[in-house]
There are 2 protein chains.
Amino acid sequence: MTIRGEMLIGATALRGTDTVFHAIDPSTGTALEPGFGGGGSAEVERACALAWDAFDAFRDTGLEARAAFLEAIADGIMAIGDELIQRAMAETGLPRPRLEGERGRTVGQLRLFARTVREGSWLDARIDPAQPDRAPLPRADLRQRHIALGPVAVFGASNFPLAFSVAGGDTASALAAGCPVVVKAHSAHPGTSELIGRAVQAAVAACGLPEGVFSLLFGSGNRVGTALVADPRIKAVGFTGSRTGGVALMKVAAARPEPIPVYAEMSSINPVILLPAALAARAEALGTGFVGSLTMGAGQFCTNPGLVLAIDGPDLDRFLDAAATAVGGAAPATMLTPGIHAAFTGGVARLSGNAAVTTRARGPETSGPHQCRAGLFTTSADAFLDDPALHEEIFGAASLVIRCAGSQALRAVLERLEGQLTATLHMDGADAEAARALLPVLERKAGRILANGWPTGVEVCEAMVHGGPFPATSDSRTTSVGTLAIRRFLRPVCYQDLPDALLPEALRRGNPLGLWRRVDGVLGRDGTTSP
Amino acid sequence: MTIRGEMLIGATALRGTDTVFHAIDPSTGTALEPGFGGGGSAEVERACALAWDAFDAFRDTGLEARAAFLEAIADGIMAIGDELIQRAMAETGLPRPRLEGERGRTVGQLRLFARTVREGSWLDARIDPAQPDRAPLPRADLRQRHIALGPVAVFGASNFPLAFSVAGGDTASALAAGCPVVVKAHSAHPGTSELIGRAVQAAVAACGLPEGVFSLLFGSGNRVGTALVADPRIKAVGFTGSRTGGVALMKVAAARPEPIPVYAEMSSINPVILLPAALAARAEALGTGFVGSLTMGAGQFCTNPGLVLAIDGPDLDRFLDAAATAVGGAAPATMLTPGIHAAFTGGVARLSGNAAVTTRARGPETSGPHQCRAGLFTTSADAFLDDPALHEEIFGAASLVIRCAGSQALRAVLERLEGQLTATLHMDGADAEAARALLPVLERKAGRILANGWPTGVEVCEAMVHGGPFPATSDSRTTSVGTLAIRRFLRPVCYQDLPDALLPEALRRGNPLGLWRRVDGVLGRDGTTSP
């Protein structure tokens, strides 16, 4: 496949005529060929018009056809071969094993959604059969299923050029739900985006779907993205990125004549709580394990452990000693973009310049451009409670350890935190009561609660929640990873007294699709006789 | 029970010190005793503080305890006896049979949610057991359930003083989800609100729940409601009322430092489509049936049929003749409030003064204050498409019939409509293909699609959708009637590798609650052996 610097609008490929931009290899700072022409309002208009035209037909595809489409995308991504990995390495500075793993995650995610589509529970089919003889009033025949919300705008994320980008979780779940997708590519990896986009475009054609099911737009500023979210044919937004970016999209969406849902996954410092017995039993191992999670991928994960809480004392000092040693030995890694590197450097400078913060350890001096030099910092609970700036995410391998005077101070810090993607407890048997007392707080604050693990590493499965209260996400009622994510792009429709022939197959008498359905309040797979 | 004009804040009752207001008997225009003292910021603060304090304990109540609480509210409402009906009649002008029926609906709704809570599927329990031997990486044990979102602000609606008010659908579904509720009473029926509120307050005490589970606030303007939605401890809003009111609350919620979901059910004109064969077969019966739905309850239903579409011709004239006769004989009924009556009168005046609109029939002259004089109007598809004012809801018994030149014009009108709660098809066998062609449009526009019925009458059941795209509601992903409504007030939480003793009962090994759970992707009631 050749990267041409072209946007994909339905079945066509074309070069944008707005400002040309290049991907930058962050390990060298040099621009990569080719240049990409950014799109403008004409391309947004065209992509949205095609998506709208495709919507009714695409959402009406059968479960098997839609599942096969998702699998065709997965096959197409694998078929790109090593060019994809090489281009992604050049555009992101991420190492080969990570990108090969991420590719596996991306195609696995598409295949998981294919299975989810086939299984059909997401339709949430409900049937309340007519009761013509009910007194004082008869009951009509009422049947409900969920349908696709409409075309969805997806924004590629910088830190997962495959799994949270053009054919990542947002796109997979939106397509699974039956929503056409218009992707605004992240400008940091446009070549990777184009390669993946062409695989999706080819799958649309191979499956005989309307071309508007998928489009891919470029644009180096925020004009294309803003126009996309403001377009009346777009009915929902998926975004992973900065708090500033997510909040800006939320405002655009709320200001529309018809406001639409925005699923923005934004900002989280992912508190890790070291309970006393666990800390006493294995302070050094926890310190080493913590830094492994902190520095993995240069700390460029939404679930990076940016905050550690423990009761002050010699055990915490042992933890800090081990962690400091590990940070001191953590090889600097190239960050994703010059901008992310600059933001990290600025954030660390602000933290180390804060009078209430002690710099406990830094990683080795960097040896190349845009490398992340890890940082470990400490402060007191009082200082943390007094200074909102200390609550802000620093994207990269930096973490702040709060020395708490006691369990009340620790709880007070947790209560003051904003919403989080994750919260982690390290605990031994003797910590059970302390853990139990904290659980209600953690449930209110986070989408995922871990025991004796590290928050990095987000399994794609049925039970995952990659979400949480604001500002972790814009909408805590959902997740952006895992099969529940399909629900973001659905809405219920009820059919009253419709003749069987006009009902969607999922709701017909005799249950021709063999779905799980709730009939008169009872969940089951109602059989071949009319309910 | 005595109506004292008092707000209920947790376990206490107190008189607000802000402006005093009285309910008005709309059938006479006279003020009813006692006066009600409106609340201010101190009462909002107190109610929200109590709700927040109650949240962790209330959301942790067992399924049985929570169900019993909902049933205790239902019992308490019935125990008020005829005082409730009499006061509601005086405050709303609605007749006794309607209010007795609405009371039955209200307590039935509470009992249905009790059954829903006990059944437990709403927890959406999902379990992905650990795979310690998986290569290249082991999988952690991941378990997910839904928990309550937080305290909810509920706004009583004017047109259902029982079923959409203090202990109506929003309150029932929020309490079922485990959310404390702070109700802002509708100022048109404060006495009814106080009576119901005292029944809820008594049920909270009788069930041994924290007092903050329920509070009831008064206020004649919008200050109390705005302060409530802005309070950081409120995590969601339920509202049924005008588009202006709903949009105002959406803006307050979106402008908070932590934006929250608003479930506002607002504005709908509920198109009814008369397909040719049905119209030819029974134009007169359709005309009479239509006016029955239109004038029921003085047309004061969210699902009132405010728009009729048909292809122009002699059959439509027969329909109009029958409908005009029925409108001419429809006894004027008292409207809910002087304000609603004034808005209806103004809306009808604007419609009849529109040069493109023909007044086809009016109801008989009114004989008392604030009576609704029904109105039937006609216009052309072109005129309707040209004038957005004709798309606006007139709350009350007024409807506009669109004479369409053909099926294309009819479809064009449908495509131009805003989001609706309902869309209705009248069809015979020969209309099946025409109906099928329109279904995709109707699915995009409405939450409920009916065949050969009338949209008024909203069954409270599993399959109901009382919702729809904006401006029918602020959030088409949900419903405000039926058991699916519980989902509005929930969010998922994932537990990773938590010891069994710390897991919520719903997720423990052995499935002690006997719930439906999705284990490794397979839905079932996993048994007593560890999964």
Residue in the range B:148-156 that is modelled with pLDDT of 95 or more and under 21 Å from residue A:483 (Cα atoms) present: yes
Condition check for residue B:525: surrounded by fewer than 17 Cβ atoms within 10 Å (Cβ to Cβ), without any contact (Cβ under 8 Å) to a residue 40 or more places away in the chain and facing another protein chain (nearest Cβ under 10 Å): yes
Can you name every residue in the range A:325-346 that is in contact with a strand residue (DSSP E or B) (Cβ under 8 Å, 6 or more places away or on another chain), of a type in the set (Gly, Ala, Ser) and surrounded by fewer than 19 Cβ atoms within 10 Å (Cβ to Cβ)? A:328
Quick one: which strands (runs of 3 or more DSSP E) lie wholly within the range B:124-185 and hold at least 2 residues that are within 14 Å of chain A (Cβ to nearest Cβ) and out of contact with any Gly (no Cβ under 7 Å at 6 or more places or on another chain)? B:125-128, B:142-148
Positions within the range A:425-454 being over 16 Å from residue A:277 (Cβ atoms) and either out of contact with any helix residue (DSSP H, G or I) (no Cβ under 8 Å at 6 or more places or on another chain) or at pLDDT below 95 (or both), in sequence order: A:443, A:446, A:447, A:448, A:450, A:453
For the range B:9-45, give me the residue count where each residue is free of Cβ contacts under 8 Å to residues at least 60 places away in the same chain and among the charged types (D, E, K, R). 2
Considering only residues of the range B:107-123 that are more than 9 Å from every other protein chain (Cβ to nearest Cβ), over 20 Å from the mean Cα position of the chain (by Cα) and assigned to a helix (DSSP H, G or I), which is nearest to residue B:61 (Cα to Cα)? B:118
In the range B:464-495, which residues are crowded, with 24+ Cβ neighbours inside 10 Å, at the interface with chain A (Cβ under 7 Å from one of its Cβ atoms), of a type in the set (A, V, I, L, M, F, W, C) and under 15 Å from the mean Cα position of the chain (by Cα)? B:464, B:465, B:484
Does residue B:193 count as under 26 Å from residue B:25 (Cα atoms) and part of a loop (DSSP other than H, G, I, E, B)? no
Count, please, the residues in the range B:335-369 that happen to be assigned to a strand (DSSP E or B) and touching a Leu at 6+ places or on another chain (Cβ under 8 Å). 4
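Filtering the range B:496-515 down to residues that are facing another protein chain (nearest Cβ under 8 Å) and out of contact with any strand residue (DSSP E or B) (no Cβ under 6 Å at 6 or more places or on another chain), which residue is surrounded by the fewest Cβ atoms within 10 Å (Cβ to Cβ)?
B:501
Could you list, in sequence order, the residues of the range A:19-52 that are charged (D, E, K, R) and surrounded by 18 or more Cβ atoms within 10 Å (Cβ to Cβ)?
Correct list: A:25, A:43, A:46.
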If a residue counts only when it is farther than 24 Å from residue A:137 by Cα, which strands (runs of 3 or more DSSP E) contained entirely in the range B:388-461 have at least 2 such residues? B:398-404
Unmet criterion (only one of (1) among the hydroxyl-bearing types (Ser, Thr, Tyr); (2) part of a helix (DSSP H, G or I); (3) closer than 30 Å to residue A:193 by Cβ) for residue A:288: (3)
I need every pair where a residue in the range B:481-494 that is of a type in the set (S, T, N, Q) has its Cβ under 6 Å from the Cβ of a residue that is assigned to a helix (DSSP H, G or I), sequence separation at least 6 or different chains. B:483/B:116
Farther than 28 Å from residue B:117 by Cβ and not basic (Lys, Arg) - does that describe any residue in the range B:45-57? yes
Kindly evaluate residue B:287 against the criterion of being crowded, with 24+ Cβ neighbours inside 10 Å and without any contact (Cβ under 8 Å) to a residue 60 or more places away in the chain. yes
Within the range B:100-140, track down each residue that is charged (D, E, K, R) and under 30 Å from residue B:461 (Cβ atoms). B:100, B:102, B:103, B:105, B:111, B:115, B:118, B:119, B:124, B:126
Looking only at the range B:228-245, which residues are assigned to a helix (DSSP H, G or I) and closer than 17 Å to residue B:40 by Cβ? B:228, B:229, B:230
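For (1) assigned to a helix (DSSP H, G or I); (2) at pLDDT below 95; (3) surrounded by fewer than 24 Cβ atoms within 10 Å (Cβ to Cβ); (4) of a type outside the set (S, T, N, Q), each residue gets a yes or a no:
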residue	(1), (2), (3), (4)
B:208	no, no, yes, yes
B:247	yes, no, yes, yes
B:253	yes, no, yes, yes
B:268	no, no, no, no
B:279	yes, no, no, yes
Only one of (1) facing chain B (nearest Cβ under 7 Å); (2) crowded, with 23+ Cβ neighbours inside 10 Å fails for residue A:451. Which number is that? (2)
Could we say that residue A:457 is more than 7 Å from chain B (Cβ to nearest Cβ) and modelled with pLDDT under 95 here? yes
Among the listed residues B:305, B:257, identify the single one that is not in a helix (DSSP H, G or I) and not assigned by TED's automatic domain parsing to the domain that holds residue B:328. B:257
I'd like to know if the range A:69-79 contains one or more residues that are more than 24 Å from residue A:483 (Cβ to Cβ) and surrounded by fewer than 21 Cβ atoms within 10 Å (Cβ to Cβ). yes
Check the range A:220-227 and report whether any residue there is buried (at least 22 other Cβ atoms within 10 Å of the Cβ) and either within 14 Å of chain B (Cβ to nearest Cβ) or in a strand (DSSP E or B) (or both). no
Residues that are charged (D, E, K, R) and more than 25 Å from the chain's Cα centre (by Cα), drawn from the range A:1-59: A:4, A:6, A:15, A:18, A:33, A:43, A:45, A:46, A:53, A:56
Of A:96, A:103, A:4, A:59, which residue is basic (Lys, Arg), out of contact with any strand residue (DSSP E or B) (no Cβ under 9 Å at 6 or more places or on another chain) and in contact (Cβ under 8 Å) with a residue 40 or more places away in the chain? A:103
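The values are calculated or read from the model by the stated rules, or taken from the named source; none is laboratory data. The model shown is predicted, which means the values in this text are computed figures rather than measured ones. Quick reminder, even Gly has a Cβ in these numbers, built from the backbone with ideal geometry, and neighbours come from all protein chains shown.
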